[in-house]
Amino acid sequence: MALVKTVEGPRTAAVGDELKYKVSEFIPANPSKADIAAVSWLVKSAGGSALASLANCGPEFTITVPNTWAGQNVLVMPFMRAPSAAVSVTTTIGDAEIARPISPTEGPASVRIERDGKRFYASVAGEPRFFLGVDVVYGERRGLMNSSNPPGPRYAAEDFQDEHGDWAWYLLPTITCESNRSFTCLNTYDSAAVTLGHGQFAAHTPDDNFVAVFREALGQDAAAVYFPDLTVKGGRIHQDTGSGLKPLESASSTQPLMNYFNSSPASVDSEEADRSARLVHWVASHAPMRELLVTYFVTQQRRKLAGHATKLPVEGLTDKLCLVVLDVLHQGRARYDNIRAALGKADPFDALLALGASTYKERVATLRAEIQKLEARGMVGKKVYSKAKKDFVVPAGA
């Protein structure tokens, strides 16, 4: 049997482009027609996830880039016996959303789930598949986690500074810690049942986080594509069961909504994978969904800081210190009394970072480094918090 020696194809592309790859040389140089027809193709992400695979399709391969490949480097490998990175083309996919999102007029999106060992992949509306997550064990629970290779665009503060000003940068350190800036970061393995987004919004808190942002998302036209059985009535998420509307959340509980996305805490079932795929594809494919996530996180953290200001001495505190306070409370590493004590230390920045550092060493190190990067760029360290303005202001006389 012949072997593939070299391959040609585009080095850069955008979402929506039709990409064409071609075997340019074989060993031996003139293989039989049968050998040429036997060429297979594998497309993998930089993280090693298989994104597309075609067996015995010949020396040419054409594929249209889906939204879920945005911002990734994809490795395209033709092969006869086994794929090899030594015979491949790496194509860098830009972040811009160009492909047409699924329209509500096309009806509900179809979802196909594929499992390869512990790795789950999904294809939505017939598009090339994307990595959905790996089946992980967490105590007595099991669920999906995609942090090793989440699909789709990542958060860039400069894209949102016109709308959100300094806050687009203020939340960047926490976003980096939570999701490595991925809008589609997903986990279904812990007690929150489902956690999604660049700020890791969990579903177990009534009227907050995942529940609040998903409630708003269901007001978008695309909701009919991804979750046609869900609606918002009386300010609450309901499921149309066919025999009536069933409430999925209230002011005191989100358990029915948690069960809707993840009813089997001890395993990853087909329903959990299907609904997770719908969430991830929606966020990856629709800019309005990502804009909603960003606006929600900024609004939430500004509101929460105003609330913290009634219980902590943050009046006149620098934005640099307030960002650590917000991160500590967002993750839940310490309580108000611990934070108050840290703010009273000679070096409050180090004292705040020390809270929970023994348990979350990597996160704290990332938080420190990201805040220091912003400080070096002049993004933080120049403003202080004003309880009256409920925001950061340039101090008088500065």
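The values are calculated or read from the model by the stated rules, or taken from the named source; none is laboratory data. All values derive from a computational prediction rather than experimental measurement. Reconstructed Cβ throughout: ideal geometry from the backbone, glycine too, with neighbour counts over all protein chains shown.
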Worksheet entry | Unmet criterion (only one of (1) out of contact with any Ser or Thr (no Cβ under 7 Å at 6 or more places or on another chain); (2) closer than 24 Å to Leu293 by Cβ) for Asn262 | (1)
Fill in: Any strands (runs of 3 or more DSSP E) falling wholly within the stretch 25-101 and containing at least 1 residues that are at pLDDT below 90 and in contact with a Pro (Cβ under 7 Å, 6 or more places away or on another chain)
50-54
Discussion item. Filter the stretch 246-295 down to the residues that are part of a loop (DSSP other than H, G, I, E, B) and within 17 Å of Val225 (Cα to Cα) and list them by number.
Written reply: His286
Worksheet item: For the stretch 179-196, which residues satisfy the criterion of being in contact with a Lys or Arg (Cβ under 9 Å, 6 or more places away or on another chain) and not polar (S, T, N, Q)?
Response: Arg181, Phe183, Tyr189, Asp190, Val194
Discussion item. Just the residues that are surrounded by 18 or more Cβ atoms within 10 Å (Cβ to Cβ), small (Gly, Ala, Ser) and under 25 Å from Lys361 (Cβ atoms), please, taken from the stretch 183-194.
Written reply: Ala192
Worksheet item: Can you pull out the residues in the stretch 314-368 that are surrounded by 17 or more Cβ atoms within 10 Å (Cβ to Cβ), over 30 Å from the mean Cα position of the chain (by Cα) and free of Cβ contacts under 8 Å to residues at least 24 places away in the same chain?
Response: Ala342, Ala351
Item to complete: Identify all residues within the stretch 125-183 that are among the hydroxyl-bearing types (Ser, Thr, Tyr) and not in a loop (DSSP other than H, G, I, E, B); write none if there are none.
Response: Tyr138, Tyr170, Thr174, Thr176, Ser179, Ser182
Practice prompt. Would you please name the residue that is surrounded by the fewest Cβ atoms within 10 Å (Cβ to Cβ), looking only at residues in the stretch 148-182 that are under 10 Å from the mean Cα position of the chain (by Cα) and farther than 24 Å from Lys320 by Cα?
Written response: Asn149
Discussion item. Within the stretch 236-243, does at least one residue satisfy the condition of being closer than 25 Å to Glu291 by Cβ and part of a loop (DSSP other than H, G, I, E, B)?
Written reply: no
Worksheet item: What are the residues in the stretch 112-163 that are of a type in the set (Val, Ile, Thr) and either assigned by TED's automatic domain parsing to the domain that holds Asn73 or modelled with pLDDT of 95 or more (or both), if any?
Response: Ile113, Val134, Val136, Val137
Item to complete: Could you list, in sequence order, all residues of the stretch 381-393 that are modelled with pLDDT of 95 or more and part of a loop (DSSP other than H, G, I, E, B)?
Response: Lys383, Lys387, Ala388, Lys389, Lys390
Discussion item. Is it the case, given these coordinates, that Ala287 is modelled with pLDDT under 95 and within 26 Å of Asp159 (Cα to Cα)?
Written reply: yes
Discussion item. Show me the helices (runs of 4 or more DSSP H) found entirely inside the stretch 296-371 where at least 2 residues are within 23 Å of His164 (Cα to Cα) and either of a type in the set (D, E, K, R) or out of contact with any helix residue (DSSP H, G or I) (no Cβ under 9 Å at 6 or more places or on another chain) (or both).
Written reply: 319-331
Response to the item:
Among the residues of the stretch 1-24, the number that are in contact (Cβ under 8 Å) with a residue 60 or more places away in the chain, within 19 Å of Cys57 (Cβ to Cβ) and either in a strand (DSSP E or B) or over 37 Å from the mean Cα position of the chain (by Cα) (or both) is 10
